[in-house]
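Presented below is the structure to which this report refers.
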Amino acid sequence: MPTLPVVPDGLIAVVKADCATCVLVSPVLKALVDDGTVTMVFTQDDPAFPAELAGHAALHDDRELGISFALDIDTVPTLVRVSQGTATDRTVGWSHESWSAFLGIDTTVAFGSLPAHRPGCGSMTYDIGMPEMLAVKYEKTPLRARRIELASAEDEMEAMYSRGWSDGLPVVPPTAERVMRMLTGTHRGANEVVAIIPPNLDECTVEKVAINAVMAGCLPEYLPIVLTAVEAACTPTFNAHGLLATTYFAGPVLIVSGPIASAIGMNSGVNVFGQGNRANSTIGRALQLVIRNVGGGLPDGVDRATFGNPGKVGFCFSETEDAARAAGWNNLAEERGVTVGKSAITLFAGEGPRALVDQKSRDADSLARSFASCLRSVGNPKLAVGFDAILAVSPEHLRTFAAAGWDKARLRAELLSHLQLRGEDIVQGAGGIAEGLPIHLKDAVIPKFRSEGLHIVHCGGDAGMFSAIIGGWVSGAEGSEPITKEIAPWQ
């Protein structure tokens with residue numbers, strides 16, 4: 001591994017040939033080297049540039065970018081005053097005024113023909129991917145995770161499969177450079193502990209979340225959402241351990257609300273629960289990989305799901321907010337206490353989506369009754385109160401409710417009123433079905449959902465008179481409570 005070079009004391013210039021401003025100031029640099037003002041010139045791309053100094057002892061090759069990296073050069077040309085290996089002052093680009101002040105001379109005397117000012121160019125140390133490469137190359141990273149060395153003949157993808165790091169799909173090799181790039185998505189320290197991950201109850205740092213986000217295929221701008229999801233999932237309220245261990249179908253469902261969803265290009269429209277959108281596909285996957293790779297939550301280990309569902313690879317989507325607001329609907333996070341205009345996630349313990357078909361209802365009351373009839377089937381039509389649900393209302397169905405002036409609160413109230421179940425229909429043995437509520441409730445009226453157990457969102461494609469239901473796992477202290485958490489600003 002190359003070592004970072006020692007930065008010499010003196011007045012140093014850093015330039016590159018592929019910079020018009022560096023070419024412009026080449027005569028100035030030659031004069032400053034000749035009179036001893038500038039002690040060394042480091043060139044990033046061409047060891048013979050500036051041509052006026054070719055072969056001069058003061059000209060040094062910095063194509064390895066060690067000096068530029070050590071001095072954190074972001075613009076060329078840069079003049080840097082170095083004392084005891086530390087930069088004490090600098091000026092960037094070119095201007096008569098700034099160079100004259102920095103050098104203590106009047107540059108217009110000898111170089112009055114040069115323009116008053118020219119901006120510099122970007123340093124090669126900040127080319128795409130270069131900051132991470134240099135940090136790894138010169139071992140100036142905050143990374144602490146154990147490194148796994150593969151034999152030269154090992155295939156990276158197969159090696160990760162064989163070590164059990166995959167959810168069954170290919171994962172992206174989490175090289176140090178990729179992890180460093182992922183960490184640019186947050187201002188949090190790499191070694192900050194995010195959560196204690198079940199079932200093994202191991203500490204999970206920001207770095208470990210970033211590693212799994214890389215493996216999942218995330219971009220750095222997704223990392224704040226993944227970090228928030230990991231924090232939320234590992235609370236007693238959400239109970240990720242219980243959700244993992246249950247034999248039920250469910251897994252974490254992430255609903256992203258607020259401006260971050262559009263900022264990172266999430267899909268809330270056509271095929272919203274399906275494939276094809278990178279953010280939707282990878283954010284939920286990253287959470288599941290953290291639980292697997294950090295917490296040890298392996299299928300047929302602690303994960304005891306009888307069937308599971310495809311969403312357990314990762315289930316994440318966002319809400320369509322503009323049309324919903326036009327109908328007087330707040331997003332889910334705002335309903336749950338997040339300030340309007342803020343970004344947040346809601347984590348719900350849910351199964352896969354099921355279709356709700358109604359292509360005939362043209363008035364709100366008929367459509368609400370149809371929705372209620374379908375919602376009775378969550379868990380089992382004869383079970384009540386124990387399961388929550390998400391109702392995802394499509395644009396075509398939203399237009400029916402909006403035309404009638406129904407906001408989300410009105411729709412929920414109407415649905416809950418239609419979901420009051422007669423005990424005689426749902427107790428054990430009723431209808432010749434052994435499943436059901438205890439027989440002593442036969443004369444009672446039981447709500448299908450607890451009052452806070454029906455969550456309504458708006459998403460989906462513009463065409464199609466279909467909505468969707470995402471049934472929940474056991475609600476309350478015996479299972480999981482939905483949790484909404486604001487996402488810290490990502491910039």
Over segment 141-172, the set of residues of a type in the set (Gly, Ala, Ser) and under 30 Å from Ala70 (Cα atoms) is Ala145
For segment 124-204, please list each of the helices (runs of 4 or more DSSP H) lying entirely inside it that holds at least 3 residues being in contact (Cβ under 8 Å) with a residue 12 or more places away in the chain, under 30 Å from Asp46 (Cα atoms) and not polar (S, T, N, Q). 130-137, 176-183
Of (1) open to solvent by 10 Å² or more (accessible area, probe 1.4 Å); (2) over 18 Å from Leu254 (Cα atoms); (3) in contact with a Leu (Cβ under 7 Å, 6 or more places away or on another chain), Met465 satisfies all except one. Which? (3)
For segment 461-491, how many residues are of a type in the set (A, V, I, L, M, F, W, C) and within 24 Å of Pro395 (Cβ to Cβ)? 6
Condition met for Gly85 (at positive phi, at pLDDT 95 or above and open to solvent by 20 Å² or more (accessible area, probe 1.4 Å)): no
Out of the residues in segment 134-164 meeting the condition of being among the small types (Gly, Ala, Ser) and within 29 Å of Asp72 (Cβ to Cβ), tell me which one is farthest from the chain's Cα centre (by Cα). Ala135
So Ala349, is it open to solvent by less than 40 Å² (accessible area, probe 1.4 Å), more than 28 Å from the chain's Cα centre (by Cα) and touching a residue at least 12 places away in the same chain (Cβ under 8 Å): no
Looking only at residues that are at pLDDT below 95, open to solvent by 50 Å² or more (accessible area, probe 1.4 Å) and of a type in the set (D, E, K, R) in segment 305-341, which one is nearest to Ile225 (Cα to Cα)? Asp322
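Can you confirm whether Ile211 is modelled with pLDDT of 95 or more and in a helix (DSSP H, G or I)?
Yes; evaluated as a whole, the condition is true for this residue.
Among the residues of segment 250-275, write down those that are over 15 Å from the mean Cα position of the chain (by Cα) and open to solvent by 20 Å² or more (accessible area, probe 1.4 Å). Lay out the reasoning, then the answer.
Here is the first cut: in segment 250-275, the ones over 15 Å from the mean Cα position of the chain (by Cα) are 250-252, 268-275.
Within segment 250-275, Ser268, Val270, Asn271, Phe273, Gly274, Gln275 qualify.
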Has segment 208-217 got at least one residue that is in contact with a helix residue (DSSP H, G or I) (Cβ under 9 Å, 6 or more places away or on another chain), more than 16 Å from Ile291 (Cβ to Cβ), among the charged types (D, E, K, R) and open to solvent by 10 Å² or more (accessible area, probe 1.4 Å)? no
Would you mind telling me which numbered condition in (1) in contact with a His (Cβ under 6 Å, 6 or more places away or on another chain); (2) of a type in the set (D, E, K, R); (3) modelled with pLDDT under 95 Arg369 fails? (3)
Considering residues that are outside any loop (DSSP other than H, G, I, E, B) and either aromatic (Phe, Trp, Tyr) or open to solvent by less than 80 Å² (accessible area, probe 1.4 Å) (or both), the number found within segment 102-123 is 8
The residue from Ile12, Ile105 that alone is more than 39 Å from the chain's Cα centre (by Cα), among the hydrophobic types (A, V, I, L, M, F, W, C) and closer than 29 Å to Gly129 by Cα is Ile12
Take residues that are in contact (Cβ under 8 Å) with a residue 12 or more places away in the chain and closer than 21 Å to Asp127 by Cβ and tell me which of the helices (runs of 4 or more DSSP H) falling wholly in segment 1-96 contain 1 or more. 20-24, 66-70
Kindly indicate which of Thr247, Thr237 is modelled with pLDDT of 95 or more, surrounded by fewer than 24 Cβ atoms within 10 Å (Cβ to Cβ), within 19 Å of Ala389 (Cα to Cα) and touching a Pro at 6+ places or on another chain (Cβ under 9 Å). Thr237
Can you find a residue in segment 436-444 that is open to solvent by 10 Å² or more (accessible area, probe 1.4 Å), within 29 Å of Pro236 (Cα to Cα) and either at pLDDT below 95 or outside any loop (DSSP other than H, G, I, E, B) (or both)? yes
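The values are calculated or read from the model by the stated rules, or taken from the named source; none is laboratory data. Since this is a predicted model, take the numbers as computed values, not measurements. Please note: Cβ atoms are built from the backbone with ideal geometry, for glycine as well, and neighbour counts cover all protein chains shown. For the accessible areas, the whole protein counts, side chains as well, though only heavy atoms, and no ligand, DNA or RNA atoms are used. Shrake-Rupley method; radii C 1.70, N 1.55, O 1.52, S 1.80 Å.
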